[in-house]
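Asker: Take this structure first; my questions come after.
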């Protein structure tokens, strides 16, 4: 995936960014200003992204009192996650970038989830393991430290009793996301913590998007694709 630097943007003191998150069942749009969320609209439900994302974007723009011309960039959760959800989110973000002539920022979905957990749990000192439900006992996951640096790389894992064994022996590890609850009975360890809260929110992109904007980490709008992690497999519906 190509990344383009726009040096002129490095001199902005404050950035206004439209943020889009559609990697899971959550459909979420937010506006951030200087790294702080100022408007948020989201809903968790199946198959709602196509019909609701643009409405959510209009809602946060209206509530923030901004015009699309006021935006400095568009940020989108790049994956891993739902194939269809990611396609809708990225397509919408790219369309806005083309129409408005704004740069595109791509945010790692798992890192965004970890950032959201740390924002709500500032006294926590352990590791964070976001999990996005794939199927059966498989999850898309990675492990991050307090600086949001990867301790274990992004991967599609089938979780069993030996998963994360070494890390759990050394430190506390909190499992978050819609894939975490199904692993609770398997990952039995005194250092294993679980959170049922939703961290797939566009609001959790604000700091990461602001840092990316300041560093000029922008994507090539023409060629950028979501990070699916696994190839899409088309299946036929079961006959009734």
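The values are calculated or read from the model by the stated rules, or taken from the named source; none is laboratory data. Every value quoted in this text rests on a predicted model; they were computed, and no experiment measured them. Note: ideal-geometry Cβ built from the backbone for every residue, glycine included; neighbour counts use all protein chains shown.
Asker: Can you pull out the residues in the stretch 26-40 that are in contact (Cβ under 8 Å) with a residue 60 or more places away in the chain and more than 23 Å from residue 82 (Cα to Cα)?
Answerer: Passing the criteria: 32, 34, 35, 36, 37.
Asker: Right, something else. Only one of (1) out of contact with any helix residue (DSSP H, G or I) (no Cβ under 9 Å at 6 or more places or on another chain); (2) surrounded by fewer than 18 Cβ atoms within 10 Å (Cβ to Cβ); (3) under 21 Å from residue 207 (Cα atoms) fails for residue 46. Which number is that?
Answerer: Here residue 46 meets the rest and fails (3).
Asker: Restrict the check to the stretch 93-107 and report whether at least one residue is touching a strand residue (DSSP E or B) at 6+ places or on another chain (Cβ under 7 Å), without any contact (Cβ under 8 Å) to a residue 40 or more places away in the chain, part of a loop (DSSP other than H, G, I, E, B) and over 17 Å from residue 199 (Cβ atoms).
Answerer: Taking every residue of the stretch 93-107 in turn, at least one turns out to be touching a strand residue (DSSP E or B) at 6+ places or on another chain (Cβ under 7 Å), without any contact (Cβ under 8 Å) to a residue 40 or more places away in the chain, part of a loop (DSSP other than H, G, I, E, B) and over 17 Å from residue 199 (Cβ atoms).
Asker: In addition: When you scan the stretch 62-80, how many residues do you find that are in contact with a strand residue (DSSP E or B) (Cβ under 7 Å, 6 or more places away or on another chain) and either in the same structural domain as residue 154 (by TED's automatic domain parsing) or assigned to a loop (DSSP other than H, G, I, E, B) (or both)? Let's see the steps before the verdict.
Answerer: First pass over the stretch 62-80, keeping only residues in contact with a strand residue (DSSP E or B) (Cβ under 7 Å, 6 or more places away or on another chain): 63-64, 66, 70-78, 80.
If we keep only those that are either in the same structural domain as residue 154 (by TED's automatic domain parsing) or assigned to a loop (DSSP other than H, G, I, E, B) (or both) as well, we get 66, 71-72, 80.
Looking only at that region, the number is 4.
Asker: Out of the residues in the stretch 82-101 meeting the condition of being surrounded by fewer than 23 Cβ atoms within 10 Å (Cβ to Cβ) and touching a helix residue (DSSP H, G or I) at 6+ places or on another chain (Cβ under 7 Å), tell me which one is farthest from residue 53 (Cα to Cα).
Answerer: If we take residues in the stretch 82-101 being surrounded by fewer than 23 Cβ atoms within 10 Å (Cβ to Cβ) and touching a helix residue (DSSP H, G or I) at 6+ places or on another chain (Cβ under 7 Å), then 100 is farthest from residue 53 (Cα to Cα).
Asker: Checking residue 59 against (1) over 19 Å from the mean Cα position of the chain (by Cα); (2) within 18 Å of residue 221 (Cα to Cα); (3) at pLDDT 95 or above; (4) in a helix (DSSP H, G or I): exactly one of these is not met. Which one?
Answerer: It is condition (2) that residue 59 fails.
Asker: With the requirement that a residue be under 17 Å from the mean Cα position of the chain (by Cα) and either surrounded by fewer than 15 Cβ atoms within 10 Å (Cβ to Cβ) or part of a strand (DSSP E or B) (or both), what does the stretch 164-210 give you?
Answerer: 175, 176, 196, 197
Asker: Checking the structure you have, find out if any residue of the stretch 137-158 is surrounded by 17 or more Cβ atoms within 10 Å (Cβ to Cβ), touching a strand residue (DSSP E or B) at 6+ places or on another chain (Cβ under 7 Å), under 21 Å from residue 43 (Cβ atoms) and modelled with pLDDT of 95 or more.
Answerer: No: zero hits.
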